[in-house]
Each structure stands twice: as structure tokens, then as C-alpha cells.
Amino acid sequence: MSERFARNDSAEFVNSAARSFRFLKWRMNELSPRASLLAAFVIALPVALHFLLREGGPANATFGTGVTLTLAALVTLFSRRAMFAAVVVATLVAIVVVAATFKQKVMDMVVHAYDLYFYFTSWSTVSYLWSDHRPYLVGLITAFILAGALCYLAFRLDGTRLPRRHAAAAMLVFASIATAAGMMKGERRHTQFYWEDLYVTSFYSSWNETLETLWRGQLIEALDGPHGGPPFRLPQSCEISEKPPHIILIHQESVVQPSLFPGLKYDPSVEPFFRSFDGKLHPMRVETYGGASWLTEFSILAGVSTHSFGGMRQFVQSLMAGKVRDTLPESLARCGYRNVVFYPMLRNFVSNARFYNAIGMPEVFDLKDQGAKSTMERDRFYYKNALDEMGRHVGASHKPLFTYVQTMSAHSPYNFTYEPGLEVAGGGPGTDPQMHEYLRRLSLARMDYEWLRSEIKRRFPDERVLIVHYGDHHPIATRTFLGYGQYDDPEDMSIRPDGPGFITYFAVDGHNYQPPPLPALETVDVPYLGGIILESARLPLSDSYRERKRLMALCDGRYHSCAKRDEVLGFHRRLIESGLIDAR
């Protein structure tokens, strides 16, 4: 009898659930077309306000709104439901904003379209997210589940059935508006994905380069066919007969030799600053103008051109952290070096510390660690901190030290007088005010570098030291000398690849140390500088650095613009197949 009652209870439960489902289904279909349209408008209103208030200027906001409306029209084209389309695009915008907020908090970079491929096509990456950022991942999964339920509910409640021809016409109109606004807003800023809160429009604008990368099948350009060479072997040790010199590598922010510009009047006493131990000026071709120093850093430390990453090159440090091996710092670490960085910004700026750690520089002294009062201290400030650490190191260890120092005093803006209490030479009569101020700061940089040399001599009379410094890119003060206006934005300037706008310098010198001869080339592209540093320290080159040396000679100092392009692309293929670059 109890079994019969149990069967009856089960049947009654099933019948009750069925009645509830039919009732719910009936209730879901009772919204009128007018009510559905009104609901769509109410849902779209906060989305429109978001673009108006949070997504930049009029052109950028119009671009984001146009793309969103195009997506809504596309959903309507397939579903014929206006309220459902509004819910779909509203939840999409909400998820992008939430995900971008979380990612910016963790990585100092907002959501990029490539993240959909990068984070969710590799089980190891998903495992990393689960172990290290589980609350964020759980929150994102929950958001997707709730969004799916909400979209299903909207689909069942929506009473509209719009003609598909109207939806198609609207999609074409909105797509045209988005395209026009995209052209009006111009090129994306170097730093847009790092600290600007343009969460949704940044995500939208990243689809072009993401599709380009997916079409290519990998992040870095490489030869499709056989490269004709054996895999690169990664050395397990470093065979040296004596302790190598300490190395100080100085990133001279926004510094370029004024001799590039005939007719510019400046103090000739700055000329020795740009010359190496051999008395010569060694020009270097960089890959950015007026900003984005991390591109120069990446090319030097990783030994590959950022141009080889196409539209993804602005994010090479974030994308390639943990994906590039046999870097300059790792080569030095094999030879016993301790690697440290003195960084003038906060360590999470454009995810730099994460990249430094991944390529073999675990010790990063940032703005706070150095006790800086601002991000634009005198070069002497950073030099003193580096020398103090070098003193502690020499007193406690016999290991050679690699110190990477970044300066900031020559950085823009140039609309105020830096160190106004100091009388230093600037430009001659009639010099553009911004160039005059830049030349003043260049004089200060020369003075502080001479101070560094004298302090090394005083503090470390018996140590051997190799000093290398380079200009990371032009200051914006040179734009008028390149044919542009005083207020033109560097990112809107189309500079000739072979013109002076990408030419800076590198200089090599020594204390108690005579470096070997430098390459006898007119100009050297920036990815080769890491190999030049290793050879200047008389350190053995790994297979990949020997190949870089061969390419430098074969390509006459060029890298991305090498006339024998297949040689460079073949080098990239060998890096990938040797496990020295993860290209996905």
C-alpha cells in the first residue's frame, strides 16, 4: 500500500510540474508587442547612457553605440524579437564591463577580443585562472549563466515579431554609422587598453586585430614551410673563463641625438653623451614614436620585433609573458648574473612587472620601493638607488650584477621648466619652446650620466663595469622637425619607416673594462641590441643569439624590414619549433 501511495505521489508531482510549466509557458507569451517594445526601450536606456557618459568623446561613444545597435539589429534579424535583442546586447555590454573591471584590477589591462581565444582554448590557462583567480572566474561563469537565463526568459516573453527586412535595413544603417564614427575617432591610443576606462569600445575595436591573428594562426609572423635549420638548443650552463663585468643598462626615456636635425641650434657639449667607447655615434632604429616605451623594452629583452605581432603588438608584454624564452635576462642569469630593475612607475603599469618576472628579472624596484616623490625624478635619483643596491650586492656576493635602470626626466610634457633653479643650456635663439625645454633636459641627462660615471669610479674602483644606454623613442618635441604641427598627436602621425622619426642611438662604455668592437653598421634595429650587449660583455651566445648575429649581418642591421624577409620569418619558425616562443 505504501508503494501505491508513493507512485500516486510521484504521479501527482509530475502532473503538478507539467501544469506549472504549461502555466509558466502561457504566462511567458502574454506580453503585447507594445509592451515588449516599451521594455526594449527601458532596457536600452542605461546602455545608451553608459556609452554617453563612460566611453570617451562623441566619436568614440557614437562608434560604441553604432556597433551595439548593429548587434541588436542582427539579433532581431534572426529572432524578429526586439525585447530579446535588447536583453542580449545589454547583457553583453554588462559582461564586458564587469570582466574588463576585474581584468584591469588584476592585470592593469581591460578586455581584448583575443582574450576569448587566449583564456578559453587552453586547459592550462583555465586551470591557472581557477587556481589563482577563482572568485573572478566563478563570478564570470555565474554572470554567463544568469545572462543565459535572462535571455531565455526575454525570448519567451517577447511579443514582437518584426519584419526581417526592417531589421536588415536597420543593421546596414547602424553599421554605416559605426564605420563613420570609427573613422572619425582615428587610431586607438597606445595606452587605451591599459588605464583608460573605455571598456566596451576597446573590446569592439580589438576584433580587427584578433581576426587577423586568428587568420594567421599565431601571434607572431613566421614562415609557413620548412625553415631549413635545426632546432635551437637552449644552453644549460655558461662557459666563461673569468667573472664577467657588471652590466648597467640604461633606458634613456625620450632621448634622441639632436644631430639628427640639421639647422637645430644646441649645446655641442651634449655630443659625447651619445658616443661609445670607440668615439662613434651608433644609430638605432626603434619601433615607436613619442610613447609606448614598452615596445622598445620588449624588442631588446626578448630579441624579436614588435612589428612581427601585427595589430597585437601594443600588448606584446602582456600577451607574451611566460611565452618567450632565451631572453637577454635569462641568458645573463645562465652566466651567474643577478638581475634587478629600477623602474620609475608603479610595478603594475602596463603589466610590466609581470613581464619582467616572466623573462628572468624577479627583482623590480618601482616608484614606491625607490621612495620617489613623482614619476619624473632626476636621472641622478635612479642612478643613486641603483648604485646603492650595487654597493650592497658587491659587499655580499661575488656574482656579477645586471641592473636595468629606466629614467624619466626627458619625458613630456615640455610646457614647463624642469628644475627651474638650474641654469643649463637649451636651444639657441628662435628654437621652438618645447624643443628648447627638451634640450635643457638633455643637458641635465648628460650631467647626471657624467655623475654616474664618476660615482662608479669612486665607489667601485676595482670592479669591472659595462655601461650601455639607449634612446627608447623620440620626444614629441621633434614632431615639428618631422613636418608635423606643434599640437599633432604622435599616434595620429604617419612617420616614414626609414625616416629620422624612428632613429635614436645606443652607446657602450666601460669602467675598468674595454668592450670588443661594435658592429660596423650604419644603423642597427632595436631587436639586435640584446645580442650586442651579450657580445660586449664577452658572454657566449646561445644558438638563437648566434642566429640573430647572422641575421644582423645578412640584413645590414635591419630586422622587420630586412630585404631577405624569409630569413627572419624562418628564424621565427625555428624559435616556435624549438619551444623558445609560444605563438598562441
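The table below lists the values:
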| read-out | value |
| --- | --- |
| Number of the condition not met by Gly228 [criteria: (1) surrounded by fewer than 15 Cβ atoms within 10 Å (Cβ to Cβ); (2) closer than 24 Å to Gly530 by Cα] | (2) |
| Every residue from the range 339-378 that is of a type outside the set (A, V, I, L, M, F, W, C), over 21 Å from the mean Cα position of the chain (by Cα) and farther than 23 Å from Arg546 by Cα | Lys368, Asp369, Gln370, Gly371, Lys373, Ser374, Glu377, Arg378 |
| Filter result (within 22 Å of Ser241 (Cβ to Cβ) and either in a helix (DSSP H, G or I) or of a type outside the set (Lys, Arg) (or both)) within the range 384-402 | Val394, Ser397, His398, Pro400, Leu401, Phe402 |
| Count of residues meeting criterion [part of a helix (DSSP H, G or I), of a type outside the set (S, T, N, Q) and at pLDDT 85 or above] in the range 147-198 | 27 |
| Near pairs, Cβ below 6 angstrom, 6+ apart or cross-chain, from the range 63-81 (closer than 18 Å to Leu198 by Cα) to any residue that is part of a helix (DSSP H, G or I) and among the basic types (Lys, Arg) | Phe63/Lys185 |
| Sole residue being of a type outside the set (A, V, I, L, M), modelled with pLDDT of 95 or more and out of contact with any Leu (no Cβ under 8 Å at 6 or more places or on another chain), chosen from Asn339, Asn385, Asn352, Asn415 | Asn385 |
| Answer from Gly421, Gly427 - the residue that is modelled with pLDDT under 95 and crowded, with 20+ Cβ neighbours inside 10 Å | Gly427 |
| Among the candidates Phe261, Phe273, Phe232, Phe277, residue that is outside the structural domain of Gln406 (by TED's automatic domain parsing) and more than 26 Å from the chain's Cα centre (by Cα) | Phe232 |
| Qualifying residue in the range 477-494 (condition: at pLDDT 95 or above, in contact with a Lys or Arg (Cβ under 7 Å, 6 or more places away or on another chain), in a loop (DSSP other than H, G, I, E, B) and more than 21 Å from Leu281 (Cα to Cα)) | no |
| Residue ID - surrounded by the fewest Cβ atoms within 10 Å (Cβ to Cβ), chosen from residues in the range 294-319 that are modelled with pLDDT of 85 or more and among the hydroxyl-bearing types (Ser, Thr, Tyr) | Ser308 |
| Residue in the range 407-417 that is in contact with a helix residue (DSSP H, G or I) (Cβ under 6 Å, 6 or more places away or on another chain), touching a residue at least 24 places away in the same chain (Cβ under 8 Å) and of a type in the set (Val, Ile, Thr) present | yes |
| Hey, Phe315 among the aromatic types (Phe, Trp, Tyr) and out of contact with any strand residue (DSSP E or B) (no Cβ under 8 Å at 6 or more places or on another chain) or not | yes |
| Set Arg584, Arg574: member being charged (D, E, K, R), touching a helix residue (DSSP H, G or I) at 6+ places or on another chain (Cβ under 9 Å) and in a loop (DSSP other than H, G, I, E, B) | Arg584 |
| Those residues of the range 18-45 which are closer than 13 Å to Arg81 by Cβ and at pLDDT below 85, in sequence order | Met28, Asn29 |
| Those residues of the range 241-252 which are surrounded by 15 or more Cβ atoms within 10 Å (Cβ to Cβ) and in a loop (DSSP other than H, G, I, E, B), in sequence order | Pro244, Pro245 |
| Of the criteria (1) in a helix (DSSP H, G or I); (2) more than 16 Å from Thr288 (Cβ to Cβ); (3) modelled with pLDDT of 95 or more, which one Asp566 fails | (3) |
| Leading residue by the ranking (surrounded by the most Cβ atoms within 10 Å (Cβ to Cβ)) among those in the range 256-274 that are closer than 23 Å to Arg558 by Cβ and out of contact with any helix residue (DSSP H, G or I) (no Cβ under 6 Å at 6 or more places or on another chain) | Val256 |
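Matching residues to (1) farther than 25 Å from Val97 by Cα; (2) among the charged types (D, E, K, R); (3) in a helix (DSSP H, G or I):
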{"residue": "Ala35", "(1), (2), (3)": "yes, no, yes"}
{"residue": "Ile43", "(1), (2), (3)": "no, no, yes"}
{"residue": "His50", "(1), (2), (3)": "no, no, yes"}
{"residue": "Gly56", "(1), (2), (3)": "no, no, no"}
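The values are calculated or read from the model by the stated rules, or taken from the named source; none is laboratory data. All values derive from a computational prediction rather than experimental measurement. All Cβ positions, glycine included, derive from the backbone under ideal geometry; neighbour counts span all protein chains shown.
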